[in-house]
Amino acid sequence: MCGIVGYTGRSAAAPKLLEGLKRLEYRGYDSAGIAVRGEDGFTVYKRMGRVRELAGASTLSGVTGIGHTRWATHGTPSEVNAHPHVYGKFAVVHNGIIENYPELKRECAMRGEVFTSETDSETVAHLLEYYYRGDALAALKQTCARLRGSYALAVMCLDDPDELFGARQKSPLIVGRGEDGLYLASDAPAIAECAELYLLADGEFVRLSGKEVHFYDADGEIFKEPTKFVPEKASPQKGDCPHFMLKEMYEIPTAVAESVVDFESDFRFNEFNRVLCQTEYIQIVACGTAYHSGIAAKYAIEKLARLPVEVTVASEYRYREPIIGQNTLVLAVSQSGETADTIAAAELAKSSGATVVAITNLPNSSLTQTAHFVLYTHAGREVAVAATKSFNAQLALLYSVAIALAKARGQKADISSLLPFPALCRTALTCAEKVKELAPIFAHAKSAYFIGRDVDYCAALEGSLKLKEISYLPSEGYPAGELKHGTLALVEKDTPVVAILTRKALAEKTMNAVSEVYARGGKVLLVTHLGEYAERKEVAAWVPIPACEELFSPILSVIPLQMLAYYTSLARGNDPDKPRNLAKSVTVE
Ligand code: F6R
């Protein structure tokens, strides 16, 4: 999604901005631009496509500048809609959405102001100019008071050649102090070389001036401690793998091993364990892949701890007036910790009296600021837009929570049942060659279906999402027993259907659905450790996975499905790391 970098210091700004933008590329974007303050004012350089298209801007002279990667929300992806936007004495880059921009734009137009872009963001530059009376910070405060929605802003004013201004509301903004200057960024990786980082909170402003950083809230100047969080110094590399997605799948065993937690025997979780003992009801809020890990967690928590669990897509939860009882625990799951809907859902749950637990992969992300407790998945940075290892890591952590909840209720469960999974994942990854051979079946299909029962249904949902997002093949994940209630109408000769089968007790039931598919000419690919079912005539191909504790099997069974999405994407000529229209961290509603 959109990314921001700003710099003011002793060095040339343009190379700093371009380097920072390059490090934000993994977030997904469609255009990029920078503005540098030179002798004669602002020079703006914008291009469609990749940051490398801005190479011509690297020689711009000036030591203060702002840069942006844009993921279009309001206004088509185009050079004119790319940021920075300049109006009067101001240049602005913006992450987020200004929800009341139509009325603000009308107001500006009535004053005779002309807009050059279709964006909501350009209104910010216009308002700054309108409110400016010689004090850029005051103008920024007045402007922000008019904005509804979410924003991280980096602003330059022509009258303050060596200064940058920033503001944050529901979209992250970080200030960095480096050896040769001061930085603003939406993500820590963009300014990883900075020795000191400061996180802005909602409603706060910052002014970077020479060597000085001043923070403000609505009432005046405030003091801020640097954060203790140390960002990684080097960006992740693909190594020998052609794509980050493949590399990240091979990191699944480590991600799982690092994310299993024995809460009960770790004194750092004493307070958390106390909350688990009191919990009567659990709600899980998340989006996309993280939502699927929530569904898998529901099966495990309900079965092991006998506690009711409700899983809701965060964008629905936030507008639903959810019922929160006295001992409701809300698990907000988000790889990035920056997903706007998940943060809003967590905030709503907190303000309604729930205890909120953030489950995230990113230290210091916005979600961590909202929650009462933070549990980290230790998947390492995930660069590919399609989530893989972070999903397996979420499962490992959520299953650990399920086990802790069960133990807190005196039920039989033990963390030792999760310990074999890293090695089992390693074995499951050997499916790569077999899956690669099967990918052409999917690459030439019109659509594909994934079916399973119980925990296998969770894997089916995630397998389907993976396939559609990077191969652009229409696909659905379905409970195997539900297929005949509608979706079976879509199965015709050679329609590929992936059946996941890890629950032995339900195997015959799932095989009924397989027979129904076969009878309509569909081609069934079976993912199972139960070889006896793979031999049946209804099964066109078999991808074996190792046997494991059934309740936790999605950690394993999803691996061939992730691989299938990857190889189908390649077979269709796509870039699996950068699917069209999608972004790594969805910071807007
Ligand atoms: C799918 C995918 C998305 C994310 C979703 C939530 O591969 O990556 O569906 O899972 O956007 O993102 P986080 O987990 O960062 O909140």
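The values are calculated or read from the model by the stated rules, or taken from the named source; none is laboratory data. No experiment lies behind these values; they were computed from the predicted model shown. Cβ placement follows ideal geometry from the backbone for every residue including glycine, while neighbour counts extend to all protein chains displayed. Areas reflect the complete protein model, heavy atoms only, side chains present, ligands, DNA and RNA absent. Shrake-Rupley method; radii C 1.70, N 1.55, O 1.52, S 1.80 Å.
Observations, loosely collected:
- Residues that are hydroxyl-bearing (S, T, Y) and open to solvent by less than 60 Å² (accessible area, probe 1.4 Å) within segment 74-104 comprise S78, Y87, Y101, listed in sequence order.
- Of the residues making up segment 11-49, those that are under 18 Å from A72 (Cβ atoms), at pLDDT below 90 and not aliphatic (A, V, I, L, M) number 7.
- Any hit, segment 316-329, residues being over 20 Å from A402 (Cα atoms), assigned by TED's automatic domain parsing to the domain that holds V285, within 16 Å of the ligand (Cβ to nearest atom) and in a loop (DSSP other than H, G, I, E, B): yes
- A single member of K578, K584 is within 14 Å of the ligand (Cβ to nearest atom), over 28 Å from Y399 (Cβ atoms) and open to solvent by 10 Å² or more (accessible area, probe 1.4 Å), and it is K578.
- Of all residues in segment 451-491, those being within 14 Å of the ligand (Cβ to nearest atom), open to solvent by 10 Å² or more (accessible area, probe 1.4 Å) and of a type in the set (D, E) number 1.
- For the residues I301, I295, the requirement of being open to solvent by less than 50 Å² (accessible area, probe 1.4 Å) and within 16 Å of the ligand (Cβ to nearest atom) singles out I295.
- Test: residue in segment 315-322 that is surrounded by fewer than 19 Cβ atoms within 10 Å (Cβ to Cβ), over 21 Å from the mean Cα position of the chain (by Cα) and farther than 30 Å from L429 by Cβ: yes
- Subset tally (residues that are at pLDDT 95 or above and in contact with a Ser or Thr (Cβ under 8 Å, 6 or more places away or on another chain)) for segment 148-159: 3
- Residues of segment 365-383 classified as buried (at least 24 other Cβ atoms within 10 Å of the Cβ) and either free of Cβ contacts under 8 Å to residues at least 60 places away in the same chain or in contact with a His (Cβ under 9 Å, 6 or more places away or on another chain) (or both), total: 1
- Test: residue in segment 223-230 that is basic (K, R), out of contact with any Gly (no Cβ under 8 Å at 6 or more places or on another chain), more than 15 Å from the ligand (Cβ to nearest atom) and under 30 Å from A139 (Cβ atoms): yes
- Within segment 437-449, residues that are more than 17 Å from M563 (Cβ to Cβ) have Cβ atoms under 7 Å from residues that are open to solvent by 20 Å² or more (accessible area, probe 1.4 Å) in these pairs: S447/P474; S447/L490; Y449/E476; Y449/Y478, counting only partners at least 6 apart in sequence or on another chain.
- Subset of segment 360-378 (residues that are in contact with a strand residue (DSSP E or B) (Cβ under 6 Å, 6 or more places away or on another chain) and within 13 Å of the ligand (Cβ to nearest atom)): T360, L367, T368
- Matching residues in segment 536-564 - criterion: being of a type in the set (V, I, T) and open to solvent by less than 10 Å² (accessible area, probe 1.4 Å): V543, I555, V558, I559
Table: residues versus (1) in contact (Cβ under 8 Å) with a residue 12 or more places away in the chain; (2) open to solvent by 40 Å² or more (accessible area, probe 1.4 Å); (3) within 17 Å of Y291 (Cα to Cα).
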site: G353; (1), (2), (3): yes, yes, no
site: P363; (1), (2), (3): yes, yes, no
site: V385; (1), (2), (3): yes, no, yes
site: N392; (1), (2), (3): yes, no, yes
site: Y399; (1), (2), (3): yes, no, yes
site: R409; (1), (2), (3): yes, yes, no
site: S416; (1), (2), (3): no, yes, no
site: P420; (1), (2), (3): yes, yes, no
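- The set of residues in segment 304-315 that are within 12 Å of the ligand (Cβ to nearest atom) and either modelled with pLDDT under 95 or part of a helix (DSSP H, G or I) (or both) comprises A314, S315.
- Test: A445 is farther than 19 Å from A300 by Cα, open to solvent by 10 Å² or more (accessible area, probe 1.4 Å), out of contact with any Cys (no Cβ under 8 Å at 6 or more places or on another chain) and modelled with pLDDT of 95 or more: yes
- Beta carbons closer than 9 Å, at least 6 apart along the sequence or on distinct chains, never pair a first residue in segment 558-574 that is assigned by TED's automatic domain parsing to the domain that holds F244 with a second that is of a type outside the set (D, E, K, R).
- Selected residue [modelled with pLDDT under 95 and not in a helix (DSSP H, G or I)] from V356, V383: V383
- The strands (runs of 3 or more DSSP E) found entirely in segment 184-289 that carry 3 or more residues being touching a helix residue (DSSP H, G or I) at 6+ places or on another chain (Cβ under 8 Å) and surrounded by 14 or more Cβ atoms within 10 Å (Cβ to Cβ) are 281-286.
- Filtering segment 337-351 to residues that are open to solvent by less than 10 Å² (accessible area, probe 1.4 Å) and within 14 Å of the ligand (Cβ to nearest atom) leaves G337, T342, A345, A346.
- Sole residue being within 16 Å of the ligand (Cβ to nearest atom) and within 19 Å of L331 (Cα to Cα), chosen from A255, A286: A286
- Within segment 397-411, the residues that satisfy the criterion of being within 20 Å of V330 (Cβ to Cβ) and either assigned to a helix (DSSP H, G or I) or within 13 Å of the ligand (Cβ to nearest atom) (or both) are L397, L398, Y399, S400, V401, A402, I403, A404, L405, A406, A408.
- In segment 238-258, the residues that are under 22 Å from S553 (Cα atoms) reach residues that are in a helix (DSSP H, G or I) and of a type in the set (K, R) with C-beta atoms within less than 8 angstrom, at least six apart or across chains, in these pairs: E248/K389; M249/K389; E251/K389; I252/K389; P253/R426; A255/K389.
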